Amino acid sequence: MRLTQSGAALDSSRLPLHSPLTSPFAPDMSVKEVASKVGPDFLYCSKISHPPKVIADQKTTEFFADFTQEEERILKAGNICAPIESMDIPEMDYELGLVVGIAGGVLLETLQHIVDVARYVVVDVQALTRTIDSETGLIGLQNLEDTIFYDMLEDIHFLKAARNEALFIDIENVSQTMCLIVSEGKNGCRIYSKDQEFCVPAFPAIEVDLIGAGDSFLAGFSAGLYKGVPMEQAVLMGNYFGGLAVSQVGIPLFTASQLESTDETRNEVLIEKKSVLHPHCTFGQLVITWTMVLQAKP
């Protein structure tokens, strides 16, 4: 999980349908903390900018993904490392907390601590709803409302879920207090809030390795929030980096030119608003669909 610190004063009285950091006082990203744990068998410490904490008597969390059996991948857990505890989070105030657990890696008290120290919190729902069968190691899903985290939802600002994970969420109810982002692979993302639903299409990508796409999406999305861009643009940034991630094998590597071209890429996308009654609307009212045209501005 990642937290970024700043002394910026922001208006927290509004539900952040649009970027809560849209302000000339938006915080810089020079101060940040990353809390993660691995065992001595972790092979990538030298390849990442924020090395994890190595626990001598633990093994790195591992998962096996089978893409051959059904439309959705089948996951099985191997070794499970120690979870992130509240004491692993440096005691200071943060503007944004990003919680990206795999399964069972985030304790209730840890999430509560992050809510207490971070003004805005972004969570990947898989950290909350995934289950691990004690005998087979198979990964399952439970209804969000049946988890110990459900009563904390009103303190979370952004919740990201994959398409299959969204089936275990009461979208209409959850979206009353937060923004819910449902990723739909090559179809982009659908965003639900209290009074709106809109879509942000994906960038075309050649899929080579799907592992890590969601993590890269959340990294790009959170960076967009920090840049103070509108919500749909932050989601677009998430889609951009998610698309780059699936086109590589292993840890995604982004070139300097790709990072520098993010703003240019976003600016070359024309976004047309259309008011439509979407067939999958859960609110039974008029919603907004964003149609994105990938072409250069004149």
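Only the coordinates and a few stated rules stand behind these numbers; no lab work does. Bear in mind the structure is a predicted one, so any value in this text is a computation, not a measurement. Here the Cβ is made from the backbone with ideal geometry for all residues, glycine too, and neighbour counts use every protein chain on show.
Things worth noting here:
- Taking a sphere under 13 Å around the Cβ of Lys76 and counting the other residues whose Cβ falls inside, with K and R at +1 and D and E at -1, yields a net charge of -2.
- If the chain linking Glu62 and Gln176 were pulled fully straight, counting 0.36 nm for each residue of separation and taking away their Cα-Cα distance, it would gain 37.5 nm.
- Taking packing as the residue-averaged number of other Cβ atoms within 10 angstrom, the listed peptides 241-254, 56-69 run from highest to lowest as 241-254, 56-69.
- Added length on full extension, which subtracts the Cα-Cα distance from 0.36 nm per residue, Ser257 to Tyr150: 34.4 nm
- For Lys160, the residues whose modelled amide H falls within less than 5 Å of its own, excluding neighbours fewer than 5 places apart on the same chain, are Val123, Asp124, Val125, Ile181.
- Beta bridges assigned by DSSP with both partners in region 67-222 are antiparallel in approximately 45 percent of cases.
- Listed pairs Lys32/Lys59; Lys76/Lys160; Lys37/Lys160; Lys59/Lys186; Lys47/Lys227 exceeding 32 Å between Cα atoms: Lys59/Lys186
- Here the Karplus curve 6.51 cos²θ - 1.76 cosθ + 1.60, taken at θ = phi - 60°, turns the phi angles of region 114-123 into couplings of 5, 4, 6, 9, 10, 5, 10, 10, 10, 10 Hz, with x standing for Gly and Pro.
- Ordering 120-131, 162-173, 140-151 by mean Cβ neighbour count within 10 Å, with the highest value first, yields 120-131, 162-173, 140-151.
- Translational diffusion coefficient (Stokes-Einstein; Kirkwood radius from C-alpha pairs) of region 153-199 at 10 °C, 1.306 mPa s, in µm²/s: 150 µm²/s
- Over region 40-146, volume per residue of the alpha carbon convex hull, in Å³: 150 Å³
- Extents of region 189-250, taken as max minus min of Cα coordinates on every principal axis and listed largest first, are 38, 22, 16 Å.
- Peptides 180-186, 202-208 ordered by average Cβ neighbours within 10 Å, highest first: 180-186, 202-208
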